[in-house]
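Heads up: the structure comes next, in structure tokens.
The values are calculated or read from the model by the stated rules, or taken from the named source; none is laboratory data. Because the structure is a prediction, the values reported are computed rather than measured. Cβ placement follows ideal geometry from the backbone for every residue including glycine, while neighbour counts extend to all protein chains displayed. Accessible surface areas use protein heavy atoms only, side chains included; no ligands, DNA or RNA. Shrake-Rupley method; radii C 1.70, N 1.55, O 1.52, S 1.80 Å.
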Amino acid sequence: MELVMEPSEYEKYQRAKAQVKEIKGFYSHLSSYVIVIAILIYINLKYSPEYLWFLWTLICWGIGVLFHAMRVFNWFPFLNKEWEERKIRQFMEEDKNKSKFE
């Protein structure tokens, strides 16, 4: 016996709205990354071109931007939205079965 719950239109709207907010947040993060890295490259090459220290920021912050993109656009091969939904259904079913036997 499988529990099927259809989300209402309001719930679908709220989820879509939250997704759009997350995407906007990512693009804001990406924009600030590009602007700040460009400024750091200019400063680095102008005042100390013998050591390219901006690369540390470029790489480390870039990893953060990459993980942010992976989360927002659901690129994780595991622990994604489908996994969450399956786990929620599983726990709800287990809880339902427990209450039958108690």
Given the options LEU40, LEU52, LEU30, LEU58, name the one that is open to solvent by 70 Å² or more (accessible area, probe 1.4 Å) and among the aliphatic types (A, V, I, L, M). LEU52
In the set ILE43, ILE35, ILE59, the lone residue that is closer than 30 Å to ALA18 by Cβ, at pLDDT 95 or above and of a type outside the set (S, T, N, Q) is ILE35
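Condition first: polar (S, T, N, Q) and in contact with a Leu (Cβ under 8 Å, 6 or more places away or on another chain). Now tell me which residues in the stretch 31-55 satisfy that. Spell out how you get there, then give the answer.
Keep residues of the stretch 31-55 that are polar (S, T, N, Q), which gives 31-32, 44, 48.
The one that is polar (S, T, N, Q) and in contact with a Leu (Cβ under 8 Å, 6 or more places away or on another chain): ASN44.
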All conditions in (1) acidic (Asp, Glu); (2) at pLDDT below 95; (3) more than 30 Å from LYS81 (Cβ to Cβ) are true of GLU22 except (3)
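Table: residues versus (1) touching a Pro at 6+ places or on another chain (Cβ under 6 Å); (2) modelled with pLDDT of 85 or more; (3) not hydroxyl-bearing (Ser, Thr, Tyr).
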residue	(1), (2), (3)
ALA16	no, yes, yes
ILE39	no, yes, yes
TYR47	no, yes, no
PHE54	no, yes, yes
HIS68	no, yes, yes
LYS81	no, no, yes
MET92	no, yes, yes
PHE101	no, no, yes
